[in-house]
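None of the figures in this text is laboratory data; all of them are computed from the coordinates on show. These figures come from a predicted structure and were not determined experimentally. Glycine gets a Cβ as well: all are built from the backbone with ideal geometry, and neighbour counts include every protein chain shown.
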Amino acid sequence: MVGNTFGIICHGGAGVLRDPEAAAAGLGEALRASYALLRQSGAAVDAVVEAVRVMEDNPLFNCGTGSAPTYDGRTEMDAAVMTQTGEFGGVLAISRVRNPVLVARKVMTETDHHLLAGEGAVGFARKCGFEDHDPMTEGARERLARLLAAGESPFFSLEKVRKYGTVGAVAIDRRGRLAVATSTGGITGRLAGRVGDSGIPGAGTWAAPSGAVSCTGHGEAILRLMLARDIADRMKTMPASVAMTLALAEARRRKFEVGAVGMDARAGFAFGHTTPDMSYGYMIAERLFLFTDGKDRKKAT
Ligand code: ASP
């Protein structure tokens with residue numbers, strides 16, 4: 001740990017970006033809100049949940065409101081939160097809630113379980129007071145209609161899946177604690193009931209004393225690599241950026257379309273993707289950095 005350095009890194013999904021300017025604006029909003037908590041000595045876990053909550057409410061991102069529908073037009077979302085001490089909560093294929101990440105956090109803090117799925121997850125959310133909310137948007141409906149009109153099968157091929165948009169955040173607080181949160185609407189046109197990597201510990205979301213990582217991209221590939229855990233494990237012996245580079249080299253060799261952001265215990269940031277693009281940004285030492293469309297979008301103090 002380096003003194004009381006604190007900071008946060010977020011991604012807004014890997015793949016081809018629909019609207020890079022809007023992605024940068026949305027990431028900036030999430031980073032500012034979560035960094036403010038860290039500045040006030042907030043916990044890393046509060047910061048990552050806040051960052052993801054803000055992006056879940058932004059229909060641009062594929063999570064919460066604006067989530068990608070299944071082949072038969074349902075919204076099923078996965079989300080998870082984890083701390084470096086191994087506390088974990090996740091929801092899988094949850095529907096009709098506004099903020100899956102907040103439900104995931106309740107699973108972590110209010111139950112002895114780690115994962116709740118489907119109707120059980122919705123029932124738990126209602127017991128916790130989360131109201132009924134339809135996350136479907138016109139844009140998500142149109143994307144599904146275009147896919148169906150093109151005759152795509154729900155057993156989609158990897159080459160055709162280029163738009164992701166899952167969100168994730170990794171933070172370190174003033175006390176050197178790491179945490180991560182990830183939230184997704186899945187992939188447009190998948191089979192109902194399909195669960196991706198985002199809510200699965202070790203796959204899309206992982207935190208340990210060595211480092212914390214949130215992934216995006218083709219969920220099945222990330223599951224096979226157990227990518228978040230792989231990157232965090234590598235951080236035991238090398239800086240975050242080297243760990244990321246080596247793990248993604250293996251993904252690239254296998255032609256997997258993935259991306260990730262992470263941070264090690266020394267507040268070293270890392271980001272990378274094998275997809276054409278990924279939107280991401282970070283805030284550290286009062287400075288905000290945003291990257292989309294392969295460009296450094298904006299540097300602000
Ligand atoms: N990883 C997500 C999934 O496969 C998709 C994404 O990153 O947008 O469900």
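Results, tabulated for the structure shown:
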{"quantity": "Longest DSSP-loop-exposure-free segment, GluC sites (Glu not before Pro), the chain, at most 11 other Cβ within 10 Å", "calculated": "132-285"}
{"quantity": "Lysine pairs meeting the criterion (Cα under 21 Å, 8 or more apart or interchain), as found in the chain", "calculated": "4"}
{"quantity": "Contour excess over end-to-end distance, with Cα ends at residue 254 and residue 238 and 0.36 nm allotted per residue", "calculated": "3.5 nm"}
{"quantity": "Karplus 3J(HN,Hα) series, Hz, for region 49-59 with 6.51 cos²θ - 1.76 cosθ + 1.60 (x for Gly, Pro)", "calculated": "5, 5, 4, 5, 4, 4, 6, 5, 7, 9, x"}
{"quantity": "Residue-wise HN-Hα coupling along region 137-147, computed from phi with Karplus coefficients 6.51, -1.76, 1.60 (Hz; x: Gly, Pro)", "calculated": "10, 4, x, 5, 4, 5, 4, 5, 4, 5, 5"}
{"quantity": "From the C-alpha gyration tensor of region 85-159, square roots of 5λ in Å", "calculated": "30, 16, 9"}
{"quantity": "Interchain or long-range residues, amide H under 5 Å from residue 279's placed H", "calculated": "12, 13"}
{"quantity": "Karplus (6.51, -1.76, 1.60) ³J(HN,Hα), θ = phi - 60°, over region 170-185, in Hz, Gly and Pro reported as x", "calculated": "10, 9, 10, 9, 4, 8, x, 8, 9, 8, 9, 9, 9, 8, 9, x"}
{"quantity": "Under 5 Å, built H, 5+ apart or other chain: amide partners of residue 84", "calculated": "178"}
{"quantity": "Enclosed volume per residue, in Å³, of the convex hull spanned by Cα atoms of region 187-301", "calculated": "110"}
{"quantity": "Long-range HN-HN contacts of residue 61 with modeled amide H, under 5 Å", "calculated": "none"}
{"quantity": "Helix-only mean residue ellipticity at 222 nm for the chain, each DSSP H run of n ≥ 4 adding -39500 (n - 2.57), per residue, nearest 500", "calculated": "-10000 deg cm²/dmol"}
{"quantity": "GNM flexibility winner over the chain from 237, 182, 137 (Cα, springs under 10 Å)", "calculated": "237"}
{"quantity": "Evaluated over the chain, the Cα radius of gyration and Dmax, each in Å", "calculated": "17.2, 56"}
{"quantity": "Formal net charge of residues neighbouring residue 127 (Cβ-Cβ distance under 11 Å; K, R +1; D, E -1)", "calculated": "+1"}
{"quantity": "Trypsin sites (Lys or Arg not before Pro) restricted to region 202-269 and DSSP loop, no more than 14 other C-beta within 10 Å", "calculated": "236, 254, 255, 266"}
